[in-house]
Amino acid sequence: MISVERHGGRIYDGRMSTKTRGYTFAFLAIVIFSLQDAISKHLGGAYPPIFITMIRFWAFAAFAVVMARRGAGSLRQAAATKWPLLQWLRGVLLATQIVLVITSFKLVGLAHSQAIFSAGPIMVALLSMPLLGERVGWRRWSAITIGLIGVLVILKPEGEGFDLGVVVPLAAALTFALYVIATRYVSRDDSAMTSFLYTGIGGAVVMTLVGPFFWVTFSPTDSIWMLLLCFTGISSHYFLIRAYDVLDAAAVQPIMYLQLVFASVLGTTIFGETLGVNVVLGSVIVVAAGIFTIWRESVIARRLAKKTMAENVTA
């Protein structure tokens, strides 16, 4: 039952306050993600990205275990999955992507990297056809094409403007797209909490296998930054989970593009980065295409849900 209250001639619907809460959680997640990226860039300039990622995943795994126990009642229930290998692969993919992200911040900068990362939804839509068997109409094909053009504008692949370092953020965006595709696939049978648990545990295990070979000692100051990085990693995912509890993915994802704006501000003001006209223009194109792609996916999903519901009723 939805509560409705009247104050000063205005009617306040309980659903509105819930949505506001969801958008607040999403905004907090984006702000913290941006701070997390800035800290990662700072630490990545002095320490091995693999080692940083290992410490992050130790904290992330502990958080995932706590959340899984609360959400599923027990770890055994949360760990029950029909796709064990694919779930472990998801953790490996995300851990690999974070290593690539930190490396990218070091090579091409915070703002430029985020501009390329913004092509993620376009890559997901492109890969969903061969890997998930999804059918894509002309509207989404048009958005994918325009988005890829935007990526080319960002990369500026001609003359002396092309930098081989952009291969790293491209690889990070592709790896994350594969992670999203794998997540969509397992979500057909496994709960979100199960996937979350395997993401943390799988990433922590694989990074623990390789991370100790890159072990270094943090300076006292950087030890504090590392603790803050772990805290931001936990809190950002917590707020994002709370946002998805209230809002659809189609409502959350466009807000996530604000991370590109925050990254540009932090990159230019703190790290002295410069943004070329091609990066700004390409980012606008990619973001517009990405938002349209996400919107179309949500429209199609609603149609399929209504069709399935109607078939169940007639049956």
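Pairs linking a residue in segment 180-208 that is closer than 15 Å to residue 66 by Cβ to a residue that is among the charged types (D, E, K, R), with Cβ atoms under 6 Å and 6 or more positions apart or on different chains, are 199/90.
Can you find a residue in segment 199-215 that is small (Gly, Ala, Ser), closer than 24 Å to residue 34 by Cβ and surrounded by fewer than 18 Cβ atoms within 10 Å (Cβ to Cβ)? Looking through segment 199-215, none of the residues is small (Gly, Ala, Ser), closer than 24 Å to residue 34 by Cβ and surrounded by fewer than 18 Cβ atoms within 10 Å (Cβ to Cβ).
Would you call residue 85 aliphatic (A, V, I, L, M) and free of Cβ contacts under 8 Å to residues at least 12 places away in the same chain?
yes
Of the residues examined, residue 235 is not one that is closer than 13 Å to residue 46 by Cα, of a type in the set (Ser, Thr, Tyr) and either surrounded by fewer than 16 Cβ atoms within 10 Å (Cβ to Cβ) or in contact with a helix residue (DSSP H, G or I) (Cβ under 8 Å, 6 or more places away or on another chain) (or both). For residue 245, the conditions (1) surrounded by fewer than 19 Cβ atoms within 10 Å (Cβ to Cβ); (2) over 22 Å from residue 94 (Cα atoms) are fulfilled apart from (2). Given the structure, is residue 109 of a type outside the set (Ser, Thr, Tyr) and either surrounded by fewer than 22 Cβ atoms within 10 Å (Cβ to Cβ) or under 14 Å from residue 286 (Cβ atoms) (or both)? Taking the combined requirement at face value, the residue does not satisfy it. Considering 52, 30, the condition of being hydrophobic (A, V, I, L, M, F, W, C), out of contact with any strand residue (DSSP E or B) (no Cβ under 7 Å at 6 or more places or on another chain) and under 13 Å from residue 255 (Cβ atoms) is satisfied by 30 alone.
From the list 115, 64, 79, the lone residue that is closer than 16 Å to residue 169 by Cβ, touching a Leu at 6+ places or on another chain (Cβ under 7 Å) and either aromatic (Phe, Trp, Tyr) or touching a residue at least 12 places away in the same chain (Cβ under 8 Å) (or both) is 115.
For segment 175-182, the count of residues that are farther than 15 Å from residue 294 by Cβ and part of a loop (DSSP other than H, G, I, E, B) is zero. Scanning segment 72-99 for residues that are surrounded by fewer than 21 Cβ atoms within 10 Å (Cβ to Cβ) and either modelled with pLDDT under 90 or in a helix (DSSP H, G or I) (or both) yields a total of 13.
Taking the criterion of being free of Cβ contacts under 8 Å to residues at least 12 places away in the same chain and not in a helix (DSSP H, G or I), the residues of segment 118-136 that qualify are 133, 134, 135, 136.
The values are calculated or read from the model by the stated rules, or taken from the named source; none is laboratory data. Everything numeric here is computed off the predicted structure, so don't read it as measured data. Quick reminder, even Gly has a Cβ in these numbers, built from the backbone with ideal geometry, and neighbours come from all protein chains shown.
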